[in-house]
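Laboratory data are not the source of any read-out in this text; all were calculated from the coordinates shown. Nothing here was measured: the structure is a model prediction, and the numbers come from that model. When we count neighbours, we look across all protein chains shown, and the Cβ atoms used for this are built from the backbone with ideal geometry, even at glycine.
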């Protein structure tokens with residue numbers, strides 16, 4: 001059986017995890033390609049004008065998967081292991097996907113306020129007629145792949161943070177940070193300007209660090225970004241750039257608090273809004289001007 005996985009939104013919260021899990025269940029995985037112009041155009045075409053840019057990209061990915069798989073996997077993600085809620089758009093994407101494509105949607109509710117993720121994964125395996133032993137092995141492989149990825153990120157972080165070059169921290173959701181089409185290749189552009197890039201998502205947390213946020217966000221990404229902002233401020237960074245998708249209501253609130261912390265530490269801060277109209281030349285000019293201020 002073929003399981004389609006859109007390489008957008010939830011995928012980047014746990015990259016490689018879902019592929020590993022379904023392969024462990026003996027399924028053939030069809031992963032949508034890296035975001036490209038055609039995917040963005042298609043997603044924009046079938047979206048409401050008020051939809052945030054990240055959702056438009058997601059719609060483009062599930063459209064690409066139409067008729068290429070027996071099921072398209074779209075989880076309903078509600079809360080994480082810390083009992084914090086995901087962005088509201090993660091609640092409704094399975095319902096929207098069912099409207100937009102004819103291929104059946106495979107979904108389960110991931111709400112760790114009510115049950116651990118392992119139980120939900122076991123339910124998915126049962127839906128695919130897999131026994132408990134097979135499900136256990138698939139979970140173990142997926143969690144091992146996730147741990148391997150986190151270990152690599154931590155190693156890369158400490159290597160980068162020790163560099164003699166100027167360091168700029170990129171702040172955003174992982175589906176903006178790691179999708180180079182969406183962020184118009186910002187990491188490479190900064191590297192070409194002789195800047196070391198640190199992605200906020202890769203900053204390891206000091207579990208002994210006592211942090212009481214100014215505002216107690218109920219969104220998991222809000223809490224996480226504020227905690228990791230406090231962590232990165234303990235290191236020598238020269239600037240911070242926050243990337244936000246156009247029409248992202250959650251980011252509009254979070255941005256004020258993130259910027260405030262960097263301003264308080266006298267670290268230059270740049271806020272960039274990205275959408276389907278974003279131009280490469282304009283971004284390059286703004287980045288060059290920003291880098292000039294920290295050299």
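Quick one: of the DSSP bridges fully inside the chain, what percent are antiparallel, nearest 5?
Restricted to the chain, the bridges split so that about 5 percent are antiparallel.
Extent of region 2-146 along each principal axis, from alpha carbon coordinates, in Å, largest to smallest?
44, 32, 24
For the chain, take the longest principal axis of its alpha carbons; what is the angle in degrees between that and the long axis of helix 249-264, to the nearest 10 within 0 to 90?
30 degrees
Helix-only mean residue ellipticity at 222 nm, the chain, DSSP H runs n ≥ 4 weighted -39,500 (n - 2.57), per residue, nearest 500. What is it?
-14500 deg cm²/dmol
Just the number, please: percent antiparallel of the DSSP beta bridges in region 2-146, rounded to the nearest 5.
Working: 1 of 12 bridges.
Bridges in region 2-146 are about 10 percent antiparallel.
Relative contact order for region 2-146: what percent, with Cα pairs under 8 Å and sequence separation of 6 or more?
After rounding, I find 29 percent.
For the peptides 9-15, 229-235, what is the packing order when you average, over each peptide's residues, the other Cβ atoms within 10 Å and list the highest mean first?
On the way: 9-15: 20.4, 229-235: 17.1.
Per-residue mean Cβ counts within 10 Å order the peptides as 9-15, 229-235.
To the nearest 10 degrees, how steeply does helix 89-100 sit against the main Cα axis of the chain, on a 0 to 90 scale?
Approximately 50 degrees, to the nearest 10.
Below 8 Å, C-alpha to C-alpha, sequence gap of six or more: please give me the relative contact order for the chain in percent.
Taking the mean separation of contacting Cα pairs over the length of the chain, I get 18 percent.
With each pseudo-label sitting 7 Å past Cα toward Cβ, what's the residue 99-residue 253 distance in nm, one decimal?
Those two pseudo-labels are separated by 2.3 nm.
Once the Cα atoms of helix 280-294 and of the chain are each reduced to a long axis, what angle between those two axes, in degrees from 0 to 90 to the nearest 10, is obtained?
50 degrees
Suppose we look only past 28 Å in the calculated P(r) of the chain. What percent of the Cα-Cα pairs does that tail hold? Before the final figure, lay out each step's value.
Numbers: 17397 of 43365 pairs.
Taking all Cα-Cα pairs of the chain, the fraction more than 28 Å apart is 40 percent.
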